[in-house]
Amino acid sequence: MFRRLSASVALLAAALTATPASAADAPLRDLAAARGVYLGTAVTASRLTGGYAQIAGAEFGSVTPGNEMKWSSVEPTRGTYDWSGADRVVAFAEANGQEVRGHTLVWHSQLPSWLTGGSFTADELRRIMTDHIAVEAGRYKGRIDHWDVVNEPLNDDGTLRQSLWAKALGESYIADAFRAARAADPAAKLYLNDYSTDGIGAKSDGMYALVERLLAQGVPIDGVGFQAHLVLGQVPVTLEPNLRRFADLGVDVAITELDIRMQLPATEAKLDRQKADYASVLRACLAVTRCAGVTVWGFTDADSWIPDFFPGEGAATPYDENLARKPAYDGIAEALTPVGNPPPTGTACAVTYTVQSQWNTGFTAQVTVRNTGTTALDGWRTEWGYGSGQRVTQAWNATVTQTAARVTAASLSYNASVPPGGSVSFGLNGTWSGTNPPPTGLSCATGS
Ligand code: G3I
């Protein structure tokens, strides 16, 4: 599949952007999309202006509101909602053709005081939780690609954390939360998310057993998120096999909150080590077919939670406090850039996607692949992501398949050959609801 097309895709994706001379110059989001994953970042809504907004929009294919969708943010007083921060992040993502990771519906932390200080029966708490999910996931229905439905359910030893929810409801709250989320937004991928589950150990064993139980009960869980709040030089060696064992259960996996902290001050040697660490996390995701993507928990050291929570530590993200790229940025870019198997000299393509008509729930799009190289194409493929739950229902003049948000299309025998300067088009019908923004990570590759 597309994930396995090594070299040519990223290089050609780079060729699609304005000026880059090499894959290393392409935005991270394009390099990631060409490898079939997304590269995301947590953002702070109030900072989405100026250079911060420019980088967030240009370099990342997915955004996660760092705090704005949490319960204490959206419903500080019972029945009184403040969606301003969350709306701003979602609108920003749509304006920039980005996916959104909703974070988070059910957590033990950042709960409003009316909830933590209240006195509720178990039945009342269950109803409060499912109503909250219906309201929040319902508000953004069709506009969220991945929801962190339940966050941090486990203790460090892998047992159930005795949160407000677990104390009253036991483990059943998790199944109920996922069912409520599926009912509220059927198109969103629903994730269970936790920290210190990145390598194989007691906590990830507990998570593994929990996911097995949930799947056995028919709970609609689509993915498991691994936060990956890591320490310099301590990327778990079992990260990749750990991701793989979860994927083998039949769920997607994702790195959801990556940062790699160090004791300050940062030195050249530490930043080089951090570069290698970032690259190894990206490579672990790329090595696992069901790894959907990697999100960094804030892209700049000016917007990182680390210094507040770990005094004396910081410099954990890919950009410094002045929005300059750090070696970690290059580590991500290099990991996303395939090595070996370069495309044949003179072979290149470009692709455009145009919505030709659109009605209340459907649309027709035309995709055109152009041979921008100097030799004839012998087969071509294109790929893109739908950021708002669009689904392909019918296609012609190409073999088109969709897995979750990712769509791939391949030439047929009669239109595989394209002369230099020539182009071929194919079409599709799709469904949409809410919005129908342009696809993300549109790329093409040559060869069959
Ligand atoms: O909004 C108030 C502001 O009004 C006040 O002046 C200021 C004074 O401290 O606090 C602000 O709230 C802070 C909030 O971030 C927004 O900046 C809270 O104190 C602070 O505790 C909160 O920290 C967040 C933390 O979650 C809370 O647990 C971090 O920004 C956020 O990055 C972090 O994210 C979590 C994930 O959701 C789950 N996984 C772990 C991750 C890191 O802790």
Problem - DSSP-assigned coil residues among chymotrypsin sites (Phe, Trp or Tyr not before Pro) in region 349-427, each with at most 16 further Cβ atoms within 10 Å - result: Trp359
Exercise for the section: Heavy atoms only, probe 1.4 Å: what % of the accessible area of region 285-405 goes to carbon and sulfur, would you let me know? Expected result: 51
Handout entry: Probe 1.4 Å, protein heavy atoms only - accessible area per residue of the chain in square angstrom
Key = 38
Exercise for the section: Pop out the ³J(HN,Hα) list for region 299-311 in order, Karplus 6.51 cos²θ - 1.76 cosθ + 1.60 with θ = phi - 60°, rounded to Hz; leave Gly and Pro as x. Expected result: 9, 10, 4, 6, 10, 10, 6, 4, x, 6, 9, 10, x
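Please give the FRET efficiency for Thr399 paired with Ser357, using the beta carbon to beta carbon distance and R0 = 30 Å, rounded to the nearest 0.05.
0.85
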Exercise for the section: Work from the charge dipole of region 262-354 (Cβ charges, +1 for Lys and Arg, -1 for Asp and Glu, about the Cα centre) and give the residue of Pro327, Tyr353, Gln274 farthest towards its positive end. Expected result: Tyr353
Problem - Three-way shape call for region 349-448 based on the alpha-carbon gyration tensor, with the a/c threshold at 1.5 - result: prolate
Handout entry: Where the Cα pairs of the chain fall when distances are cut into 20 Å bins, in %
Key = 26, 57, 17, 1
Handout entry: Cα principal axis extents for region 343-400, largest first, Å
Key = 45, 18, 17
Handout entry: Along principal axes, Cα extents of region 20-89, largest first, whole Å
Key = 53, 27, 12
Fill in the blank from the handout: With the convex hull built on the alpha-carbon atoms of region 31-157, volume per residue in Å³ sits at 133
Exercise for the section: Between Ser417 and Gln110, with labels modelled 7 Å along Cα→Cβ, what's the label distance in nm to one decimal, could you check? Expected result: 5.7
Completion exercise
Measuring from its Cα centre, the chain shows a charge dipole (+1 at each Lys and Arg Cβ, -1 at each Asp and Glu Cβ) which, in debye to the nearest 20, is 1040
Handout entry: Packing-based ranking, highest mean first, of 192-198, 246-252 given that Cβ atoms within 10 Å are counted
Key = 192-198, 246-252
Completion exercise
Rounded to the nearest 10, the angle in degrees between the Cα long axis of helix 202-216 and the longest principal axis of the Cα atoms of the chain comes to 80
Completion exercise
Taking every C-alpha to C-alpha distance in region 403-448 and binning by 5 Å from 0, the per-bin percentages run 4, 12, 26, 24, 15, 11, 6, 2
Handout entry: Long pairs among Lys203/Lys275; Lys70/Lys167; Lys203/Lys270; Lys141/Lys270; Lys189/Lys270; Lys167/Lys270, criterion Cα-Cα beyond 32 Å
Key = Lys141/Lys270; Lys189/Lys270; Lys167/Lys270
Exercise for the section: With springs only between Cα atoms under 10 Å apart, run a GNM on the chain and tell me which of Glu94, Glu257, Glu383 wobbles the most. Expected result: Glu94
Exercise for the section: Kindly rank 49-62, 259-272, 75-88, 110-123 from highest to lowest mean number of other beta carbons found within 10 Å of each residue. Expected result: 49-62, 259-272, 75-88, 110-123
Fill in the blank from the handout: the chain: antiparallel bridges as % of DSSP beta bridges, rounded to 5, reads 60
Practice task
Counting only C-alpha contacts under 8 Å and six or more residues apart, can you give the relative contact order of the chain as a whole percent?
Solution key: 16
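The values are calculated or read from the model by the stated rules, or taken from the named source; none is laboratory data. Nothing here was measured: the structure is a model prediction, and the numbers come from that model. Counting neighbours? That spans all protein chains shown, and the Cβs are built from the backbone with ideal geometry, glycine included. Heavy atoms of the whole protein, side chains included, go into the accessibility calculation; ligands, DNA and RNA do not. Shrake-Rupley method; radii C 1.70, N 1.55, O 1.52, S 1.80 Å.
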